[in-house]
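See below for the structure under consideration.
Bear in mind these aren't lab numbers, they're just calculated from the coordinates by the rules spelled out. None of these values were measured; they are calculated from a predicted model. So basically every Cβ, Gly included, is an ideal-geometry build from the backbone, and we count neighbours across all protein chains shown.
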Amino acid sequence: MERLELKEVQKLEGHTDRVWSLDWNPATGHAGVPLVFASCSGDKTVRIWEQNLSNSLFSCKAVLEETHTRTVRSCAWSPSGKLLATASFDATTAIWENVGGDFECVSTLEGHENEVKSVSWNASGTLLATCSRDKSVWIWEVQPGNEFECVSVLQGHTQDVKMVRWHPTEDILFSCSYDNNIKVWADEGDSDDWQCVQTLGEPNKSYFMHSSWSTNIEGECGIYCNNFNMHNWLGWWLCSSNICKNGNA
């Protein structure tokens, strides 16, 4: 098998502190629309990068600043690509919208007691999840006029919650924490009664730091998780009907 070799084609500079996260705008990169992504940093800013269709190089088109007062830890575009959510150590989540070519902060979500570590949209763009050092996960419902209502505060982790991720097609939420566990959350009815339906964990493993979704050749949907120990152990769970089974065997 031919070995895949990656080479650097461009270095993007502009942030003045470590860059924590980036996210591609899903509404770009097709039908003649140039690719766009957002990056966020310890410098308290978010940068919007756009690809030049003529030479494929990226340039910074906007710097979103003077809203967050501490590190911006996570950023995520809504499925429509119209809204950008940014989570910060200042305990807030900002919602940005491109209005006439300029990005404006159209809503600020408050409620977490301290650092917000991660933010994630569900597949339909109707729900937003945030998680924090305060050990909680909040679910926000998108309302008309760029308003957001907190419909549930999920308690269950015993340490910082590092990341939240929605299932790619269903309203099932996963959260990973310093407590060495991944919790699976689902709405058990029509009254925003979100419950932990499963806890995934491995004994004697360091806490989970990151998770991402993937689909195998059989079309099964699963979640990969890695941790922060020296072996960088990776877990894989196949998920179906709110239940996940260990796929590492």
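List the GluC sites (Glu not before Pro) in the range 27-87 that DSSP assigns to loop (not H, G, I, E or B) and whose Cβ has at most 16 other Cβ atoms within 10 Å. Which are they? Working shown, then result.
Values: sites: E50, E65, E66; in loops: E65, E66.
Sites meeting the loop and neighbour criteria: E65, E66.
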*With Cβ to Cβ distances under 13 Å as the rule, what net charge do the other residues near I172 carry (K, R +1; D, E -1)?*
-2
*For the range 20-35, 3J(HN,Hα) per residue [Karplus equation, 6.51 cos²θ - 1.76 cosθ + 1.60, θ = phi - 60°, Hz, x = Gly/Pro]*: 8, 7, 8, 8, 7, 6, x, 8, 10, x, 8, 6, x, 8, x, 4
*Treating the Cα atoms of the range 1-90 as identical point scatterers in vacuum, please give the log10 of the normalised Debye intensity I(q)/I(0) at q = 0.12, 0.22, 0.25 Å⁻¹, two decimals.*
-0.41, -1.09, -1.25
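Under 12 Å from the Cβ of W77, count the other residues' Cβ atoms, weight Lys and Arg +1, Asp and Glu -1, and hand me the total.
On the way: positive: K82; negative: D23, E97.
Combined, the nearby Lys, Arg, Asp and Glu give -1.
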*Along Cα→Cβ, 7 Å out, is where each label goes; now give me the distance between the ones at E2 and W24 in nm to one decimal.*
2.1
*In the range 12-169, how does Rg compare with the Kirkwood Rh, expressed as the Rg/Rh ratio over alpha carbon atoms?*
0.96
*Determine the alpha carbon to alpha carbon distance for each of K44/K117; K7/K117; K61/K162 and list only those over 20 Å.*
K7/K117; K61/K162
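Find the percent of Cα-Cα distances in the range 59-123 that exceed 15 Å, and round it to a whole number.
Numbers: 1042 of 2080 pairs.
Every Cα pair in the range 59-123 considered, those over 15 Å come to 50 percent.
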*Please give the length that would be gained between Q159 and D193 if that part of the chain were fully extended, namely 0.36 nm times their separation in residues minus their C-alpha to C-alpha distance (nm, one decimal).*
10.0 nm
